[in-house]
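The values are calculated or read from the model by the stated rules, or taken from the named source; none is laboratory data. Predicted model, so just to flag it, every value in this text is computed and none were measured. Don't worry about glycine lacking a Cβ; one is built from the backbone with ideal geometry, like all the others, and counts go over all protein chains shown.
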Amino acid sequence: MDIKIDNFRNIGISAHIDAGKTTTTERILFYTGVNHKIGEVHDGKATMDWMDQEQERGITITSASTTVFWSGSKKNKNFYKINIIDTPGHVDFTIEVERSMRIIDGVCMLYCSVGGVQPQSETVWKQSVKHGVSKVIFVNKMDRVGSDFYKVYNDLKKKLNANPVPIYIPYFLNNNFYGIIDLINFKLIVWEEKNNGMFFDFIKIPEDYIEISNKWKNNLIESVILDNDVFIDKYLNNKIILNDEILFLLRKNTIENKIQPMLCGSSLKNKGVQCLLDSIVDFLPSPLDIAGTVGYDVFGKKVTIKPLETEKFSALAFKVVNDPFIGQLIFFRVYSGKICSGSFIFNSTKNKKERLGRILRVHANRKEDIACVGAGDIAAAAGLRSFYTGDTLNSVDNFVVLEKIFFPDSVISQSLIVKNKSDEEKIFIILEKLNHEDPSFKFKVDNESNQIIISGMGELHLEVLVEKIRRENNLELIIGKPKVSYRETIKKNINNVEGKYIRQSGGRGQYGHVIINLGVGSKGSGVIFINNIKSGIIPKEYISSIKKSIEDTARSGVLWGYPVLDVVVDLIDGSYHDVDSSENAFKIASSIAFKEAFKRAHPTLLEPVMLVHTEAPNESLGAVISNLSGKRGELINIEDVSNEYKIIKSNIPLSEMFNYSTILRSLTKGRGSYSMSFNFYSEVPQNILKNII
């Protein structure tokens, strides 16, 4: 099907865990004709949750992609091509959301009508704001007892500083969710119970809902005409603002991120999803509506990539998957130009050229070969060896590098032991592949214990990855207890610390000599290197070696083997030898100086502190708060979720949170839940520090 780029929509579906993302996507697949049967999450048969572990756990673990075509709920539109990324809701897999936000143009934010704006909802909202992604809002689960569309509306404004504009509001009959009121066309939409809600009718709004419908219709008009003098004058003069004008203003303001159209429904009960599809094509941007993607040329100069097929080919690899039948798959978003299978492409990130074997359209775990792919589209490539997440794919005559994808640091570690000695070499190949798939997963060999240490974003993250290794490779593994990824830092400034490396061995010797100041840096600053060498005391060609040596030493840790954070290294003096000085000698001298200065600067440990959201029933609130306080927790606030539940927001050291899910289940009789995400690093108290050391 030949569809123009202005009818492309690259979107994500994001929300808190269990808000109904995958259920909503299943309905989208059904109503667009991709699937002829609806797969349910609770039956373990959801199309997009195709991994065994996703079906067993009932959660989304990896972002899945699919493509659908939509011509409107009334079949009155040209066909639109919608590339959909269904992202995980659990905070341990936040990297999947991060890299998806980097390459989509719009996103559908789902909210539970009972839970409202939940913790992970805030996280994904911030990610969408960071990447400038336009949003529509779908309030799901309106059929549930305790649902409150207007509370979610207020939560969005209060907690997220959002500007939601309802374009549909819920209609209840005898306290049961019955349909939705279309404020633009001013009609009530009701769905047939049979045929999975495939058919629906537009009927007159009942009298008892006219007043509230008029109120929100006026709110809609006032929201979209804001900043538009022509339409403000028209409205103030009591002239009718036509539906086409409302649609035009809604689209314009949504693309500019001034407003977020707000819908409602129940995906499980098959109500409201067709309206969501209409809103996706009506209000979210096409690739042509985006200002352009930033890249850098060979001179490091910023350039804008235009989304046109007539431009040179340029794309970003945003995901790597190792398929058991095809091999390594590189998912990429095309920002300009066109490429066909069999062409040569250039990896400008690594300066390598490869032949593009196959281009695939991916639908969850199903693949379809396509001949070519052009600007604005999303596809996958098979047979590429040098490309990883964040790399730029170019035509061979294009040398631009696109902005990379940010990956958070891991916060938790475990030891990994392979039972069978003959499998030890195999495990490193497997771990390397996993790191390419998921850059937030890291591994290394501990120098002292000789154990393999794996690191990730949380207990569930590592648990899922280890189980994946077991199943796919039939390996017997032993997992150690989780360990916190601490950081080393200093509390005192130290000046004039010398590092010398001098060796004479008959021929050419080794000579490196540096003097540094080591200072306390600001929070979150990492390691800052300042070069204050003047008059050629140390030749310029050795400065980069000195900087790299200090950064490498800091990365490995000085006293306890943890990376060093928040220090300022000032290179102030030194000397060199015309014959004996070398890069290696200055590297060793720099490392000596840095380690010595660090030891004298009152070193200490920093621990990761997590932002924890604990949801608990009212009757268990006291016990839960008491338990959190005993975990060295800092209570931030308590918020109402509903009449029965509260959310306790607190900062708690990660070391206190292991096995918390079991404790919380016990305290709340199985009714409590929690989520946590990394917040900041804080100094470890002295009594705890002694135990760690």
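Observations on the model:
- Scanning the range 459-483 for residues that are in contact with a Phe, Trp or Tyr (Cβ under 9 Å, 6 or more places away or on another chain) and in contact (Cβ under 8 Å) with a residue 40 or more places away in the chain, we see that the one that is nearest to Ala554 (Cα to Cα) is Pro482.
- Among the residues of the range 118-147, those identified as β-branched (Val, Ile, Thr), more than 16 Å from Ile181 (Cα to Cα) and either touching a Phe, Trp or Tyr at 6+ places or on another chain (Cβ under 8 Å) or surrounded by fewer than 22 Cβ atoms within 10 Å (Cβ to Cβ) (or both) are Thr123, Val129, Val136, Val145.
- Only one entry in Phe172, Phe248, Phe202 is within 30 Å of Ile647 (Cβ to Cβ), without any contact (Cβ under 8 Å) to a residue 24 or more places away in the chain and not hydroxyl-bearing (Ser, Thr, Tyr), namely Phe172.
- Failed item, numbered, when Ile502 is tested on (1) in contact with a His (Cβ under 9 Å, 6 or more places away or on another chain); (2) assigned to a helix (DSSP H, G or I): (2)
- Filtered residues of the range 635-656 (kept if surrounded by fewer than 13 Cβ atoms within 10 Å (Cβ to Cβ) and farther than 20 Å from Ser147 by Cα): Asn637
- One residue from Phe202, Phe248 being in the same structural domain as Asn140 (by TED's automatic domain parsing), of a type in the set (Phe, Trp, Tyr) and outside any helix (DSSP H, G or I): Phe202
- All conditions but one from (1) aliphatic (A, V, I, L, M); (2) touching a helix residue (DSSP H, G or I) at 6+ places or on another chain (Cβ under 7 Å); (3) over 30 Å from Leu477 (Cα atoms) apply to Ile412; the one that does not is (3).
- Qualifying residue in the range 92-107 (condition: assigned by TED's automatic domain parsing to the domain that holds Ile255, closer than 23 Å to Met142 by Cα and at pLDDT below 85): no
- Checking Gly622, Gly574 one by one, the residue that is of a type outside the set (Lys, Arg), modelled with pLDDT under 95, part of a helix (DSSP H, G or I) and over 33 Å from the mean Cα position of the chain (by Cα) is Gly622 and no other.
To keep it simple, each residue is scored yes or no on (1) under 24 Å from Val564 (Cβ atoms); (2) in contact (Cβ under 8 Å) with a residue 12 or more places away in the chain; (3) within 28 Å of the chain's Cα centre (by Cα).
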| residue | (1), (2), (3) |
| --- | --- |
| Glu596 | yes, yes, no |
| Arg632 | yes, yes, no |
| Ile636 | no, yes, yes |
| Val641 | no, yes, yes |
| Ile648 | no, yes, yes |
| Pro653 | yes, yes, yes |
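- Test: Val224 is more than 27 Å from the chain's Cα centre (by Cα), surrounded by 17 or more Cβ atoms within 10 Å (Cβ to Cβ) and of a type outside the set (Asp, Glu): yes
- Residue in the range 526-538 that is touching a residue at least 60 places away in the same chain (Cβ under 8 Å) and within 35 Å of the chain's Cα centre (by Cα) present: no
Conditions (1) in contact with a Cys (Cβ under 6 Å, 6 or more places away or on another chain); (2) farther than 30 Å from Val133 by Cα; (3) of a type in the set (D, E, K, R), marked per residue:
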| residue | (1), (2), (3) |
| --- | --- |
| Ser147 | no, no, no |
| Asn154 | no, no, no |
| Asn163 | no, no, no |
| Pro166 | no, no, no |
| Pro170 | yes, no, no |
| Val190 | no, yes, no |
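- Note on the range 73-91: among residues that are closer than 13 Å to His461 by Cβ and not hydrophobic (A, V, I, L, M, F, W, C), the one that is modelled with the highest pLDDT is Pro88.
- Exactly one residue out of Arg366, Arg385 is without any contact (Cβ under 8 Å) to a residue 24 or more places away in the chain and surrounded by fewer than 19 Cβ atoms within 10 Å (Cβ to Cβ), and it is Arg366.
- Against the test of being closer than 30 Å to Ser223 by Cα and either in contact (Cβ under 8 Å) with a residue 40 or more places away in the chain or surrounded by 20 or more Cβ atoms within 10 Å (Cβ to Cβ) (or both), the options Asp297, Asp289 yield a single qualifying residue, Asp289.
- Odd one out for Leu635 among (1) in contact with a Lys or Arg (Cβ under 7 Å, 6 or more places away or on another chain); (2) part of a strand (DSSP E or B): (1)
- Scanning the range 186-199 for residues that are surrounded by 12 or more Cβ atoms within 10 Å (Cβ to Cβ), assigned to a loop (DSSP other than H, G, I, E, B) and not charged (D, E, K, R) yields Phe186, Met198.
- Residue within the range 169-191 that is closer than 17 Å to Ala15 by Cα and β-branched (Val, Ile, Thr) present: no
- The residue that is surrounded by the fewest Cβ atoms within 10 Å (Cβ to Cβ), among those in the range 340-363 that are within 25 Å of Val68 (Cα to Cα), modelled with pLDDT of 90 or more and touching an Asp or Glu at 6+ places or on another chain (Cβ under 9 Å), is Arg358.
- So Ile212, is it at pLDDT 95 or above and either outside any strand (DSSP E or B) or farther than 30 Å from Ser128 by Cα (or both): yes
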